[in-house]
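Written out below as structure tokens is the structure these notes cover.
The values are calculated or read from the model by the stated rules, or taken from the named source; none is laboratory data. Fair warning: this is a prediction, and the values are worked out from it, not measured in the lab. All Cβ positions, glycine included, derive from the backbone under ideal geometry; neighbour counts span all protein chains shown. With ligands, DNA and RNA removed, areas are computed over all heavy atoms of the protein, side chains included. Shrake-Rupley method; radii C 1.70, N 1.55, O 1.52, S 1.80 Å.
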Amino acid sequence: AGHWVRALSRREGAFATATYKPDDTFIGEATRSETLGGLCDGIEYVFSALGQTRQRDKLNVWDVDYAANKTVLDLAVAAGVRQFLFISVVRPELSIDLDIVAAREALVVDMARSGIAHTVVRATGFFSDMDEVLEMARGGRVWLLGTGRSQINPVDGADVALAAIATFGTNIVEIEIGGPDIFSYEKSGALSF
């Protein structure tokens, strides 16, 4: 979209094969605040999608989805960033008993208290999260949630990024974004086969 971009990475060369390369790569670990000094210096907008994935360390969702994002939020506030954007889930009240949702929503509360302009980008599941379903299909079996009739509308990460960018410089506190196609879990499993 024409913005100058700084990306946070744990290691050098992380974006070597990326389609879109950042203008600057800041090397640090979001879960180790001592490695992040200067991360937000000179930055107008921070868009955080930090979250626990397939952790090989002993960190949990409270360490990553909450604490790491809180560290970045605090750095953004201290650096005078114009707006802080953060990914959370659509309709969190339906699954607030899950630690991953509770951790992310705790950050949403902190964002509101921070005094910085902020936007919560509430996305449905990502297509990239569907990789596990494809792997199950390759193995000959797909496990379904419940009866398989529950519906999802996965979204492409690029569409989420564009929706987030559209909120830069606005007073929009929350947006929801999902993919245009709706599938039942059963249908997504069948499509994976």
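What to note about this one:
- Of everything in region 81-108 that is farther than 17 Å from A68 by Cβ and among the polar types (S, T, N, Q), the residue that is most open to solvent (accessible area, probe 1.4 Å) is S95.
- Residue pairs whose Cβ atoms lie under 9 Å apart, separated by 6 or more positions or on different chains, with the first residue in region 140-153 and in contact (Cβ under 8 Å) with a residue 24 or more places away in the chain and of a type in the set (V, I, T) and the second open to solvent by less than 50 Å² (accessible area, probe 1.4 Å) and in a loop (DSSP other than H, G, I, E, B), are I152/T124; I152/G125; I152/G178; I152/G179.
- Residues in region 113-166 that are more than 14 Å from the chain's Cα centre (by Cα) and assigned to a strand (DSSP E or B): A117, H118, Q151, I152.
- Residues of region 147-176 that are within 30 Å of L191 (Cα to Cα) and among the acidic types (D, E): D156, D159, E176.
- Leading residue by the ranking (nearest to Y66 (Cα to Cα)) among those in region 16-41 that are in contact with a Ser or Thr (Cβ under 6 Å, 6 or more places away or on another chain) and assigned to a loop (DSSP other than H, G, I, E, B): E29
- Just so you know, in region 24-52 the residues that are at pLDDT below 95 and closer than 23 Å to D156 by Cβ include one that is most open to solvent (accessible area, probe 1.4 Å), and it is A49.
- Where I116 falls short, out of the listed (1) open to solvent by less than 70 Å² (accessible area, probe 1.4 Å); (2) modelled with pLDDT of 90 or more; (3) over 24 Å from L50 (Cα atoms): (3)
- For the criterion of being open to solvent by less than 50 Å² (accessible area, probe 1.4 Å), touching a residue at least 40 places away in the same chain (Cβ under 8 Å) and more than 30 Å from F84 (Cβ to Cβ), S188 passes.
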